[in-house]
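The values are calculated or read from the model by the stated rules, or taken from the named source; none is laboratory data. As the structure is a prediction and not an experimental result, all values here were calculated from the model. Neighbour counts run over all protein chains shown; Cβ positions are idealised from the backbone, glycine included.
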Amino acid sequence: MNIPILHHHDPSPFGEKIRLALGLKGLAWRSVQVSMVMPRPELGILTGGYRKIPVLQIGADVYCDTRLIVRELERRFPEPSLFPQGSLGLSLALTPWSDRSFFDPGAGLSMGLNQAFIPKAVIDDRKSFFNFMDFDALESDIPHLYTQFRAGLELVELMLADGRPFILGSQISYADIDAYFPVWMARGNIGNAAELLEPFARLREWESRMAACSRGERSEIRADEALAIARTSTPIEPVGVDPKDPLGFATGERVCVTPDDYGKIPVEGELVTLTISEVAVRRRTAEVGELVTHFPRLGYRITRA
Ligand SMILES: N[C@@H](CCC(=O)N[C@@H](CS)C(=O)NCC(=O)O)C(=O)O
């Protein structure tokens with residue numbers, strides 16, 4: 001029942017982060033492939049409306065957002081660490097760079113260059129979702145997006161400039177996963193990726209090391225099987241609500257938790273955990289009973305329901 005279940009789809013770059021994290025920890029895990037577009041009814045039951053992927057389920061606990069998922073994996077399965085030599089803070093501080101300034105132009109290129117081949121349903125879905133992308137300007141913006149993405153590639157090359165095998169030195173860490181996932185996306189989605197990556201020799205050597213990493217021991221299950229596991233599980237004991245939290249909420253208050261960037265769908269529930277780094281709400285569902293849905297604090301707004 002404590003086996004991690006990842007709700008994702010294979011082309012998802014943020015999903016690749018967690019597949020790599022599971023692999024780095026040498027874990028066996030279950031994979032539920034979700035549809036590329038909404039609706040995703042089974043996942044909606046688990047999350048309460050949060051619409052991004054990946055989502056990690058462990059029993060009746062549901063972890064949203066890679067920033068929290070990796071911390072929870074580390075807490076439950078500490079060895080081998082994703083954050084060796086005290087690198088937790090540094091690795092997580094790198095995510096706003098890799099998730100936004102590095103990833104976004106790559107995602108823009110991937111959409112802009114492939115618009116003709118992407119199913120209309122996916123384009124329409126992403127138009128309403130990726131509020132940071134101007135779909136009408138995507139094609140004319142391609143040269144600019146190349147400049148932005150290359151500048152990100154150069155930063156990775158510079159991180160590796162002294163010949164170190166990994167971003168933080170001799171050991172692989174979550175910082176490598178952060179820096180790698182936009183490169184992985186580029187290889188899969190940008191037709192001239194080879195040409196784009198050509199000037200960055202150290203990056204390409206490191207990329208081969210990352211590509212060769214394990215993605216763990218994976219087996220596929222269906223969404224209804226994941227729901228059945230949630231139904232027969234009990235959420236873990238919540239951490240509790242910090243009485244000194246600046247928002248001043250009390251345990252049991254009904255709150256909404258909403259991403260502050262895109263996919264801003266509120267998840268409503270009864271507050272059970274509020275710490276500096278995590279918020280969790282208990283939700284009672286007709287389909288699977290009681291669930292606890294967890295989010296990171298960074299990047300999420302909590303309001304009274
Ligand atoms: N901050 C989120 C971002 C996740 C994200 O943007 N995921 C993309 C996929 S890689 C997504 O959900 N895209 C729309 C979709 O697949 O429905 C995280 O770190 O998990």
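Filtering the range 128-165 to residues that are under 18 Å from residue 208 (Cα atoms) and more than 21 Å from the chain's Cα centre (by Cα) leaves 154, 155, 157, 158, 159, 160, 161, 162, 163, 164, 165. The set of residues in the range 274-297 that are touching a strand residue (DSSP E or B) at 6+ places or on another chain (Cβ under 7 Å) and under 18 Å from residue 230 (Cβ atoms) comprises 280, 281, 282, 283, 284, 285, 290, 291, 292, 293, 294, 295. Among the criteria (1) within 16 Å of residue 277 (Cβ to Cβ); (2) under 14 Å from the mean Cα position of the chain (by Cα), the one residue 88 does not fulfil is (2). Condition test on residue 103, is it among the aromatic types (Phe, Trp, Tyr), surrounded by 20 or more Cβ atoms within 10 Å (Cβ to Cβ) and touching a Phe, Trp or Tyr at 6+ places or on another chain (Cβ under 8 Å)? Criteria met by residue 103. Evaluating residue 67 against the criteria (1) closer than 13 Å to residue 5 by Cα; (2) within 17 Å of the chain's Cα centre (by Cα) leaves one unmet condition, (1). Are any residues in the range 99-112 within 11 Å of the ligand (Cβ to nearest atom) and of a type in the set (Ser, Thr, Tyr), and if so, which ones? Listed by number, the list holds a single entry, 110.
Applying a threshold of 9 Å to beta carbon distances and a minimum spacing of six or more residues, or different chains, the list of pairs starting in the range 254-267 at a residue that is buried (at least 16 other Cβ atoms within 10 Å of the Cβ) and ending at one that is in a strand (DSSP E or B) and of a type in the set (Asp, Glu) reads 255/268; 255/270; 256/268; 257/268.
Applying the selection to the range 113-137, what residues are more than 16 Å from the ligand (Cβ to nearest atom) and not in a helix (DSSP H, G or I)? Hits for the range 113-137 are 115, 116, 117, 134. Here the condition is being within 12 Å of the ligand (Cβ to nearest atom) and either surrounded by fewer than 22 Cβ atoms within 10 Å (Cβ to Cβ) or without any contact (Cβ under 8 Å) to a residue 40 or more places away in the chain (or both); of 23, 15, it holds for 15 alone.
Going by what's in this entry, would residue 71 be described as more than 10 Å from the ligand (Cβ to nearest atom) and within 20 Å of residue 275 (Cα to Cα)? Yes, satisfied. In a helix (DSSP H, G or I), over 19 Å from the mean Cα position of the chain (by Cα) and under 20 Å from residue 23 (Cβ atoms): which single residue out of 206, 184 fits that description? The conditions single out 206. Restrict the check to the range 143-150 and report whether at least one residue is more than 23 Å from residue 184 (Cα to Cα) and either within 12 Å of the ligand (Cβ to nearest atom) or buried (at least 19 other Cβ atoms within 10 Å of the Cβ) (or both). Among the residues of the range 143-150, not one is more than 23 Å from residue 184 (Cα to Cα) and either within 12 Å of the ligand (Cβ to nearest atom) or buried (at least 19 other Cβ atoms within 10 Å of the Cβ) (or both), which makes the answer no. Within the range 83-98, the set of residues being exposed (fewer than 15 other Cβ atoms within 10 Å of the Cβ) and more than 16 Å from the ligand (Cβ to nearest atom) comprises 85, 86, 89.
Counting only strands (runs of 3 or more DSSP E) that fall entirely inside the range 28-78 and contain at least 1 residues that are modelled with pLDDT of 95 or more, within 17 Å of residue 266 (Cα to Cα) and among the β-branched types (Val, Ile, Thr), the qualifying elements are 55-58, 61-64.
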